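Contents: one structure, followed by commentary.
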């Protein structure tokens with residue numbers, strides 16, 4: 001997702017938004033075979049720390065399983081329409097990411113109402129007026145085509161490609177889902193570190209080049225005619 005001008009309450013609301021999106025996708029989830037999904041946990045007796053801890057763990061397990069299924073379904077829904085990274089994006093980010101990551105990456109644009117990325121993309125825009133994206137393995141589902149006209153666009157691409165590296169490291173969709181439920185803020189912060197590298201690169205290269213190409217304007221003191 002994009003982090004420019006994101007409200008400080010975003011991380012709290014992101015958890016709520018993710019839960020709401022999962023619930024909104026629940027009819028699609030029930031169409032699939034059980035695939036070993038755990039039953040809903042039974043609430044433990046009050047005052048039992050052991051049972052409470054077990055209940056929370058079962059809730060986390062259920063959240064991981066549902067998130068995994070939702071991401072897998074969204075991947076299947078969107079991958080056919082996905083495209084390779086634009087050449088200018090791939091060339092710009094080449095010093096920051098391995099070549100195989102850039103070559104394998106795909107992207108598309110969607111704000112649909114039936115997949116998790118589409119619902120999150122819509123919700124982020126409605127609640128915060130913010131652009132949004134969801135990465136699934138090597139696929140990015142953007143709320144709009146980012147282009148590469150601003151530093152924040154470079155940040156957005158790099159942030160999402162940072163998630164692609166996390167998917168590789170964590171062993172795919174299931175591993176990423178487990179880590180995201182456990183500590184999504186840490187994964188987002190790590191991805192944003194790549195985003196900030198892209199911002200600095202954009203400023204150092206693109207912005208400075210634009211400034212140097214501007215016609216020089218003489219200072220006002222040199223263009224004014226002295227008066228007696």
Exercise. What ranking of 157, 194, 208 emerges when the number of other C-beta atoms within 10 Å of each C-beta is taken as an exposure proxy, fewest first?
Worked result: 208, 194, 157
For this session: Round to the nearest 0.05 the FRET efficiency obtained for residue 76 and residue 189 when R0 = 30 Å and r is the Cβ-Cβ distance.
Result: 0.55
For this session: Arrange the following residues from fewest to most other Cβ atoms within 10 Å of their Cβ: 178, 190.
Result: 190, 178
For this session: Can you pull the one-decimal nm distance between simple spin-label points at residue 126 and residue 174, each 7 Å off the Cα toward Cβ?
Result: 3.3
Exercise. Using the reciprocal of the averaged 1/r over all distinct C-alpha pairs, how large is the Kirkwood radius of segment 80-181 in Å?
Worked result: 14.0
Exercise. Counting every Cα pair in segment 147-206, what percent are over 14 Å apart?
Worked result: 55
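Sort 135, 53, 110 by Cβ crowding within 10 Å, fewest neighbours at the top.
53, 110, 135
Read the figures in this text as sums done on the coordinates, not as results from a lab. Keep in mind the model is a prediction, meaning the values are calculated, not measured. Backbone-built Cβ (ideal geometry, glycine too); neighbour counts: all protein chains shown.
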